[in-house]
Each structure stands twice: as C-alpha cells, then as structure tokens.
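Q: Mind having a look at this structure? Questions to follow.
The values are calculated or read from the model by the stated rules, or taken from the named source; none is laboratory data. The model shown is predicted, which means the values in this text are computed figures rather than measured ones. Cβ sites come from the backbone with ideal geometry, for glycine too, and all protein chains shown count toward neighbours. Heavy atoms of the whole protein, side chains included, go into the accessibility calculation; ligands, DNA and RNA do not. Shrake-Rupley method; radii C 1.70, N 1.55, O 1.52, S 1.80 Å.
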Protein chains: 2
Amino acid sequence: MEKLGANPANSCPLTPLGFLERAATVFGDCPSVVYGSAVFTWSQTHRRCLRLASALVSLGISRRDVVSVLLPNVPAMYEAHFGVPMSGAVLNTINTRLDARTVSVLLRHSGSRLVLVDPALVPLLDDALRLLPPGHPAPRVVLVEDPSEKDPTPAAALTYERLLEMGDPDFVWVRPTSEWDPMVLNYTSGTTSAPKGVVHCHRGIFLVTLDSLVDWAVPPRPTYLWTLPMFHANGWSFPWGMAAVGGTNVCLRRVDAASVYAAIAAHGVTHLCGAPVVLGMLADAPEDARRPLPGKVRILTAGAPPPADVLHRVEAIGFDVGHGYGLTETGGHVVSCAWKGEWDKLPASGRARLKARQGVRTPGMTEVDIVDGDTGRSVPRDGATMGEIVLRCGCIMLGYLNDGEATKAAVREDGWFYTGDVGVMHPDGYLEIRDRSKDVIISGGENISSVEVESVLYGHPAVNEAAVVARPDEFWGETPCAFVSLKDGAVTAADVMAWCRERMAGYMVPKTVVFRAELPKTSTGKIQKYVLRNLAKEMGPTRRGSSSKM
Amino acid sequence: MEKLGANPANSCPLTPLGFLERAATVFGDCPSVVYGSAVFTWSQTHRRCLRLASALVSLGISRRDVVSVLLPNVPAMYEAHFGVPMSGAVLNTINTRLDARTVSVLLRHSGSRLVLVDPALVPLLDDALRLLPPGHPAPRVVLVEDPSEKDPTPAAALTYERLLEMGDPDFVWVRPTSEWDPMVLNYTSGTTSAPKGVVHCHRGIFLVTLDSLVDWAVPPRPTYLWTLPMFHANGWSFPWGMAAVGGTNVCLRRVDAASVYAAIAAHGVTHLCGAPVVLGMLADAPEDARRPLPGKVRILTAGAPPPADVLHRVEAIGFDVGHGYGLTETGGHVVSCAWKGEWDKLPASGRARLKARQGVRTPGMTEVDIVDGDTGRSVPRDGATMGEIVLRCGCIMLGYLNDGEATKAAVREDGWFYTGDVGVMHPDGYLEIRDRSKDVIISGGENISSVEVESVLYGHPAVNEAAVVARPDEFWGETPCAFVSLKDGAVTAADVMAWCRERMAGYMVPKTVVFRAELPKTSTGKIQKYVLRNLAKEMGPTRRGSSSKM
C-alpha cells in the first residue's frame, strides 16, 4: 500500500481547458455563443480558441505572461477564457467600469503584455496607457471589432479577427506543467478601495467549475444568458462550465430589463446569474419591457444578500432563484442555500427569509466555519453570535499577486482562508452573512450588522435603496448612519427612524438618515460603502442623544 | 507569479467523505437508506458511520489497514463506504459470489484485519478462513445481522450493531494526510481468472464521483435503487454520489425483475445503474412481475455493450437508458454515450445502434484515445481500425496492490493507462468497444471482433445469449466459435451460420456453433469468456473448410 501513489496516468494536471475539446466533439454542430445575429458552433469556438492561443504564442507570449482583456460580454470575451490560458498565459479580465488611473495601475501591477480591447473602451485604455510611468513597456493592443460599435481612431494596428487569422486552428495547446500553474488573475473590485490581484490555478478553476455544475444541478445543453459580467470573478466559473455541459452562451453588450427579457424570450434562456441588482431590475421592469418567460428560468444570485421582498417578486414572475455565496478569492460560489422540500410549505415571506440566507457549503467544498476573530474558535450555532466566515477547499486562490503580506493575512497557517465577511451560524447549520468585517458598526461595544439594519430599511414601502455605515460618535464610538434613496419623496428622516425603532433594538436604529437620489455603486452593482463611510466621517461625530438628517 | 502555489487553505486533501457531513446538515431529516421496513435519515447515517469509524479505531484498526466486507446491498454495506475509510482504513468490498478459495486468497493478499459479513455468507467466510495458511493471522469477524436471514451458528462473537454501540457518534474522523492516500481496494472479478487488487485514493474517488454526477446530470434528492452490487467497483462511485446530492438509497438483498419493479413503484425510484443483464431482466420480465413506472426512470448501464434490441425494448417500457464505460481501474464511468438532440429523429433501430456505442469521455476526464498496440499511435477515426483504448485522468487507480509488474504493464511511462479493451474510433469522435484484447480472434491475420459477431447473433430471433471465442485452427490459426443459448430449440448450427453469412464477411462467420442451455457468467452478469475459450481449446483445432457443431 505504501508504494502506491501518483503515477503517470492519474497525475495529469486538472484543468478546465479540456472541456472545450470535448464540447467540440460532442456538441460540434450545436450553438456555443450567440451574439446579436452572430451564432458560433462549439466546433467553431474550439478552432477560434486554438487560433487565439496559437497567435498569442507566435507574438511571443509565453507561460505565465499576463494577457489582459477590457471587454464586455462579447464572443471574444468568452473565447479569451480558453484561448488565453491555452497559450500558457494568464488571463486578466479587467473591470470595464474602472477609471483610467486604476486601469493603468492594474496593467502595470500585472505586467500585462497584451490587451484585447472593445471599441467603446479604447479611449479608456488610451488614457490608461498614457498614465503608465515613463519607460514602462506598454502592452500590445488588439482591437476587438464589434458590429454595433464604430471603429475608433485606429489605436490598434492589429484587430482580433486578423489575430485569429494568424493562428493555427490545429494548434497543440500549451498544457499546464502542473495543476497549480496560474491560469487567471482578477483584481478585486468593489467595496474596498485597494484592488488586489487574485490568482487562481488550473486545479482550482477545474474544481469550482465542476462543483458549481453539481450544486446548481445544471443539465446538459442549457441556454445561459450572460447578465453577469465575465470580468467579475470570471462569471463565477460558468464560461468553463458551459463548455462542460455544451450550453449556449447568449451574450449581451449591455444589461437592461428590456434586453434581458427580450433575450430570454428570443433564445429560450434557461439559466442566468446575476447580482441582486439584476433581480431588482427584473422585478421593477416596466410593463412594456417585459416578455412572458418561455419556461422556468433559473437564476443564481450572489454578491450581496438579496432583499427578501425582491426575491419574492422575482419568483412571482416565474424565475426560480438560487442564492449562493463566493468571493473572487474562491473562483465561484462555495456556499449555497440548498433548498429543502419542506420549506415549500411556508408562506412566501418565510420562504424568502430562508432563501436570503447564504446557506451551506457546496458538495465539492471541504469545510466552512464561522469563527471568533480573537480566539479562532467556532461561534455557537445560535443565529446571533457574529464571527468571521472562514473556508478551506481546493478552489481557494493561490494568493494575491506580488502581495505576500495580504496573502498571509487572508490565507493563514491554521489552514483557513479568512474571508473578511461577518456572519452567523443558524442552529440548522445554514450560515447567514451579516456584514463585511469592516462594515460592522461597533456602538457602545455592541456589534451592529449593517445588513440587518438595511434589510429593515428595505422593508419600508417608500425605500428604493439603503446602505448603513458607521458614523463617529463622541459617546458611543460609532452610531449607524443610513443612506437612503426613495421611490417617492414623501418620507422624513424621523419617519425612517420611527420605522426602524418599531423593528429593532434601540442601539441599532440609525441616528443619522441621509437621503440621496442615488447611492454610489461599483460596476457590479454593489453599493460602495467606503464612499459612504468617508461621507459619514466628514459629517463629524454625532453627539449623545442627537439625531441628524440631511 | 512564480511564488504562488499550493497553500494551507487550498491544499486540503480532496476526499468524498465530507459529502456525508454536508448531507447530514442539509438533508438531515430526509431518508438516506431504505431497506425493507427500515428507513434511515441522513443524520442517522452520518452518526452511524462515525460510530463505525470510531469503533474500528478502538479495535486497533489504523491508517492503511484493510477492512473487508462480504455483504449484499444492505445498509451496513452503504455505511461501510464512509465508516471504514473514516477510520483511516482501506475498504475492501469482496464479490459475494466468489468461491471460498478465492475469498481466502483475497483475504490473505489484502492482509485484511477485519471482515463484516452477512449471515447468508458466514459459511463461505468460514470456509475461506479455514483455507488461510497456518500461522496467517485471521481477520476479526463482525456479523451484520439481517431481519430477513436466520442468525447462523455464531461464528462472530461481535455483531455490527454491537460494534456501532461501542463507537462514538461525535467521533472526529480520520482525515487523509494526503489526497493520494489509499481509500478503497477492489479485486477485479470477471472475465479473467487472475484477480488483481485495484487501489484507489481519496482524490480519485472524489473526482470520479463529481464527474459522474455532472455527466449523468443527477439532480438533487434522487431516489436511487441499488441493483448494481456495491461490491462491483464500489457501485460506480454512487455510494458517495448519493451523499453529495442527498439522494435516497433503496437497498435490495436480491435483484430479480419482480423486486425491482416493486421497489421502483413503492419508492418512486428515479435512477438506477445496472449491467446489460439487468436491462435484459427488465425487458423480459413476465407480465405479473411488472408494475407501471411512477415516472421517467433513468438507467445507467455499463460493463458490456448492451444489445441494441434490449435497449430498444427497455426504452419502450419507459426507462431512459444512458450508456457508459469504465473499469474497476477508473473507479466509475469515464466514457459515456453523450446524446445528441438530432439523434431523436432517427428510427428506433438507428437510435439503439448509436446508443450501443460507448461514446466520449466524461467532462472530468482528461483524455481518451485508441492506439495501435505496436506503435502507440492513434488509430484513424474510421469506425473500423481496431486499437487499444487508453485513458488518462485523475481517477485512474494508484495501481494493483503488491503487483508492481501488472501496474507497470497497465500504467505506462507514456502517461496512459492501457485498458486491455479493444475498440474503434468513429468519424464523429465516439468510440465503440469491439473486444477485450484477449477476446479478439485472429483468423488468417485478420482481427475479428467477437462483439461484432455476437451482435449479429443477438439479432437472430431465436437466440437468447451468445458469446464468440477463438478456437484453434490448423490453417487459419484461429476461427470464431460461437456458444449460443436459445429461446426455443428449433434452430440448427447450420441455420445460425447461414444467418451470419448473410450479415458479415465470410471469415467472420463462426465455423463452430455450440448450443448450451445457459452460458457461464460472473457474479455481475458478464459471460465468462475464459471458460468458453478453454472449452473451445479442448475441442481441438478445426480443419480447413470444416464446420462443427455440438
């Protein structure tokens, strides 16, 4: 028994890239990618990806080089998920809504050698390139033509289709030498202001892709609508997952309610992923933007706890919503709200409340826990005691690029990845996120979950959006400060506070209520709490007993 | 990029054992195992498995010790798939239809420390233990009581339920120190007379389990009927798969048409696996043994190419048959006949012909090929040129226990596992097995696929079963010799030969036809060709131009 172990036939590196070859064999004539009037088959997509990989190699791209893309959800974006790593390079998908300064920082930090860019994003890229420090080697730029966009001033000497023509469709792709070889690089966007470069390897992506297919029980040949940007944590692994099951990828340049409803009806969409903001968009769509659903449409949502009210309304339309939890650092969802048959008997509000919980680990995940930040011990399963969510599994990132310190802070020697998210464990073993650890408000020594206060605010009939952050307080240290946008304007701060006072402990009630026409958001629809936190700081400390409004 | 790699949070060993803990959380109150009037929940099964692991450790069982089981598909058999490896031990499931001499050889070869045994198999085990060489330490015997079986003479001082009582239901189970740690040991049964001990590790079983769930698109909470013996390649990984999806395992002591139809109707079975012999049993069941199906019942078959006629009849009853291919050495199916929508339009015979092909690699499999045995090069994709099927993937066995030579012959330095199966690659990339390499008949330098001749024989309306082997020939070297059992007796050897002559090349037509009331079979329903091959040899060589019959 001692002598047996890894051998030449079983130690071939795990990688999701082989899914594409198989799709070309099994589903060769079936649609792979649909975009406007363009329809590709799996056989075509396979050959285009091999051409891309081959052309990149011929341009001098080699193992571990970074190739960046600045693209919406267009066919080239899908192809990059296979073609770039098939050249041995690391795929870096850049958030298209970043400013030029940040894009410039990312290009420099990643040492990107080549960028695929959309016509509409050429000005952004040009600005970013100009901001590179003198002497920094500029990445090569390849323009991805788009039928719906004017060709910009030819910033790019090379276009994507010309690049593909250079490539060999029978290229023998560059397999990883180890399953731990880096494959993708994603800078965390969002609620913090310091992007970090999350690196995943072939093994991690392979595991999270299969795990997500099992957990979401995706059948063969689904029709999948790309509402989630592929630049956002690689679309939660589904670019690779769709190749594994031979699905049809329906691409959309822009996501709005009318386009989504139209695409669902036109293509018979069966599956889509989206942040809760997408659910809200579907629920609130005006009558003339809606189309009847062609059948049950399954939505996987994650990224923020979906308000129960929105969940309820979206399901009433005919969507079947699954709720998961993951981070860029896990490559996809690793916790999901596995549904129990007996819950179907509950009233709608009860169902929505249960579905708003993040849930239990997915089958392929090793372990999840919620621990006390000081002692590292599991918190009691009481649905009340908050702690930090920690994870271990094969799909945890390799680390942050060139940031050993941040890597060490997140991936600790005790074998856990510390998410920075704060949650509670319910008695039934389902976890629920209460907050990002930095979003917890500590008032008089009591932890207040901003998410908990927000969910009460969302219940107010006049509230459109709500976010609660800490405001300094002379006596309590911090007090909750609510930023609110309204559906209509006939509500005062005192009304909002009264609403809260009836529904939560006094110390949790926002002492400040600020009305805004709109709340600042990241490109993926998350409210930018750090912006609001800064605003709250600038207001100066509240004083004992005082309430303020703006 | 160079500095990033495996870290404490992402290098936790892959293992399927964690599926059970998750099932206990998510599906705690749902049925896990049903056997007669006994119904267990996932919470109970979880605690019973921990008790088993704990009790084994308390008996002195430690890492890499072998624990054998000699059990039909009863709850203890299911529990052993988790409880035994959760003690750190390696689970060895013994084919219950072996003779005492072989069981004795396996117990000795594996160095088994403990055996769980069914009451009906106590005499077999007693005989096997008596055949152990003097001085060989006998394994400890634990009797698994069964309500439907009389307690035999107490060969066992300890019973399974008493063993569980000794164990701690909150035991902290023994996690593998590496994902390459051995977990299960299965002796290959069947068509060859030399059993070899196939060892799989935690990683391999984890991968094949998830892969099989994706490939067969198993939804959450299926009701799974155990017609396939769990001792047969661990039931193709589904003991672990059912925990991953929270399915209900319906156990049957004995598999016959009436019990299977009754169980399907009583429990609302949705999924089952079985060798083609099970399909035949369902298709040929007498009217009074049948029950209407409660809905679509999905069958996964493998182990031998299912005759097209049987496939057709089973589907007419309402079963939805998937066809896969795997070996004990792959831990489950790694090739499957992925179905294409356009094939639905073909006539039934055409559909069955396509479905009888083994197909394409499953999504999680790395590569499959068919190579020329001499040159190692891929055979052309012409559906005619035969070669050996070779595989590489994460679920290839670690090797054969204490048999470095056989391991080296199967797992070669070129990175492939050589299956010993002979097949052809069709132009569409789907492979089809023609034979075990030793079953190929070489007549005048031409390779004859015994499977191909058999499929023509199965098409004869009077033929019940058919097997074709090589018989020595003075001139040709070998000629095909057919062993046939009939539905009725009004057919002569000359009739059979004439039937073949109209449907195949002359050199492929059996020169000998032997009628038997029944053909010799292994416990899993495979015809024992080596027995027939010996019979054919004993007949002595055929002479040029002669035909013989018996």
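Q: Considering only segment A:408-424, state which residues are away from chain B (no Cβ under 13 Å) and of a type outside the set (Gly, Ala, Ser).
A: So the first thing to find is which residues in segment A:408-424 are away from chain B (no Cβ under 13 Å), and the list is A:420-424.
Hits for segment A:408-424 are A:Asp421, A:Val422, A:Val424.
Q: For B:Arg47, are the conditions met, namely being farther than 30 Å from A:Pro182 by Cβ, part of a loop (DSSP other than H, G, I, E, B) and more than 9 Å from chain A (Cβ to nearest Cβ)?
A: Values: farther than 30 Å from A:Pro182 by Cβ: yes; part of a loop (DSSP other than H, G, I, E, B): no; more than 9 Å from chain A (Cβ to nearest Cβ): yes.
In short, no.
Q: Mind listing whichever residues of segment B:383-407 are over 25 Å from B:Ser112 (Cβ atoms), more than 9 Å from every other protein chain (Cβ to nearest Cβ) and not small (Gly, Ala, Ser)?
A: B:Thr385, B:Met386, B:Glu388, B:Ile389
Q: State the number of residues belonging to segment A:315-363 that are more than 23 Å from the chain's Cα centre (by Cα), under 21 Å from A:Leu279 (Cα atoms) and more than 14 Å from chain B (Cβ to nearest Cβ).
A: Summing the residues that are more than 23 Å from the chain's Cα centre (by Cα), under 21 Å from A:Leu279 (Cα atoms) and more than 14 Å from chain B (Cβ to nearest Cβ) in segment A:315-363 gives 8.
Q: Identify, please: which residue in segment B:329-353 is out of contact with any His (no Cβ under 8 Å at 6 or more places or on another chain) and aliphatic (A, V, I, L, M) and is, among those, surrounded by the fewest Cβ atoms within 10 Å (Cβ to Cβ)?
A: By that ranking, first place goes to B:Leu346.
Q: Here is a further query. Any idea which residue in segment B:428-447 is most open to solvent (accessible area, probe 1.4 Å), counting only those that are more than 14 Å from every other protein chain (Cβ to nearest Cβ) and outside any strand (DSSP E or B)?
A: B:Lys438
Q: Of everything in segment B:495-522 that's of a type outside the set (Phe, Trp, Tyr), open to solvent by 20 Å² or more (accessible area, probe 1.4 Å) and under 30 Å from B:Leu98 (Cβ atoms), which residue is nearest to the chain's Cα centre (by Cα)?
A: The extreme case among them is B:Lys521.
Q: Scan segment A:55-76 for residues that are of a type in the set (A, V, I, L, M, F, W, C) and either surrounded by fewer than 24 Cβ atoms within 10 Å (Cβ to Cβ) or within 17 Å of A:Leu158 (Cα to Cα) (or both) and jot them down.
A: A:Ala55, A:Leu56, A:Val57, A:Leu59, A:Ile61, A:Val67, A:Val69, A:Leu70, A:Leu71, A:Ala76
Q: A:Val278 - would you say it is within 17 Å of the chain's Cα centre (by Cα) and open to solvent by less than 10 Å² (accessible area, probe 1.4 Å)?
A: For A:Val278, the condition - within 17 Å of the chain's Cα centre (by Cα) and open to solvent by less than 10 Å² (accessible area, probe 1.4 Å) - is not met.
Q: Test each condition in (1) part of a helix (DSSP H, G or I); (2) within 24 Å of A:Ser237 (Cβ to Cβ) for A:Cys12 and report the one that comes out false.
A: Failing condition for A:Cys12: (1).
Q: Could you check how many residues of segment A:408-427 are farther than 21 Å from A:Val198 by Cα and open to solvent by 50 Å² or more (accessible area, probe 1.4 Å)?
A: Selection size over segment A:408-427: 1.
Q: Checking A:His312 against (1) within 13 Å of chain B (Cβ to nearest Cβ); (2) open to solvent by 40 Å² or more (accessible area, probe 1.4 Å); (3) in contact (Cβ under 8 Å) with a residue 12 or more places away in the chain: exactly one of these is not met. Which one?
A: Failing condition for A:His312: (1).
Q: Could you grab me the full set of residues in segment A:38-51 that are open to solvent by less than 10 Å² (accessible area, probe 1.4 Å) and touching a strand residue (DSSP E or B) at 6+ places or on another chain (Cβ under 9 Å)?
A: Passing the criteria: A:Trp42, A:Thr45.
Q: Also: Restricting the search to segment B:368-382, which residues are assigned to a loop (DSSP other than H, G, I, E, B) and more than 13 Å from chain A (Cβ to nearest Cβ)?
A: Hits for segment B:368-382 are B:Asp372, B:Gly373, B:Asp374, B:Thr375, B:Gly376, B:Arg377, B:Val379, B:Pro380, B:Asp382.
Q: If you don't mind, another one. Across segment B:8-33, which residue is farthest from the other protein chains (Cβ to nearest Cβ) among those that are buried (at least 20 other Cβ atoms within 10 Å of the Cβ) and more than 18 Å from A:Val334 (Cα to Cα)?
A: Looking at the filtered set, the residue picked out is B:Val33.
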